[in-house]
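The values are calculated or read from the model by the stated rules, or taken from the named source; none is laboratory data. This one's a predicted model, so the numbers in the text were calculated from it and none came from an experiment. Methodologically, a virtual Cβ is constructed for each residue, glycine included, from the backbone with ideal geometry; neighbour enumeration extends over all protein chains shown. Just the protein is used for accessible areas: all its heavy atoms, side chains included, with ligands, DNA and RNA removed. Shrake-Rupley method; radii C 1.70, N 1.55, O 1.52, S 1.80 Å.
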Amino acid sequence: MERATILGIYDFIGYSLCRYLLDEGVEINGVDTEGNRKDSFTEEKRLEIGRNSNFLEISLEDWDAEQAEGILFVTLFESLQGRHNTYGIYEVLLSELENRKLKKLPTVVILPAYFAQEKAELREARVNSLIYSRDSNLLALYLPTIYGPWQPEECFFQQVMSRSLYENKKIPDIGPREWTHDCLYIDDAVKMIKELAESGLQGQYILSSGEQDRWFKCAEELLGSGAGLLRNKAAAPAIKNSIKVSTVGENEQISKGLSRQKEQFNRIQDSKD
């Protein structure tokens, strides 16, 4: 891969994927789908990757899909968990994908594992239509919980760290779409996304750690014995038959991954003071 375009460049997955690809020497056009976001996370990310000569930031309004080269990554992981308004993303993306240029362009759509469940339906009918369309050169990847540096503030592990910082010992609630059946460290996830994208595969895949109860092992690392309150003995939900499982080769050690997440979180908090 020499070139790529990432829609959702400052989302958790989009940003981490961008950094990884830049380190690999890939030229990146990063499309900022939410140009009005001014939080400290976004500004820090912009400073970090903006220094790289292989990176060019483009607003959603200025993005010219006809000029897209390489692989197109569309990161809907955060937005489909209900964290941000994505109306503009959907309309631009789905309209552009109707043209012949992008039907031939390798495209990777990244979604939460919640929507891989047998009974789950995407709340956006046009996105659902895109994923099941036979006219697009599309690879759909469903991700479990992803942890590590830059995890969104609304995510459970990040909330635990935040409440610990402010000496609030109450265990936060788990979001309705946060996947507790598995998790991956961010570096392992983006490496796998790149490998699958370069493989030329099409269809739908859910990424897996291959380890039983990995999400709860992470929770136990953060909460100790208090994590026992979170355990749900219900069986993991059935995955749609059209979705295959792709397992990472090796997982990052949980303690190291969470330690890096804590260090980055504390650094951002310190910068606010």
With the cut-off at 25 Å, tell me which of the pairs LYS119/LYS244; LYS194/LYS244; LYS170/LYS240; LYS119/LYS256; LYS45/LYS256; LYS45/LYS240 have Cα atoms farther apart than that. LYS170/LYS240; LYS119/LYS256; LYS45/LYS240
How do MET1, MET161 rank by accessible surface area computed with a 1.4 Å probe, from largest to smallest? MET1, MET161
By per-residue mean of other Cβ atoms within 10 Å, what is the highest-first order of 250-260, 24-34, 107-117? 107-117, 24-34, 250-260
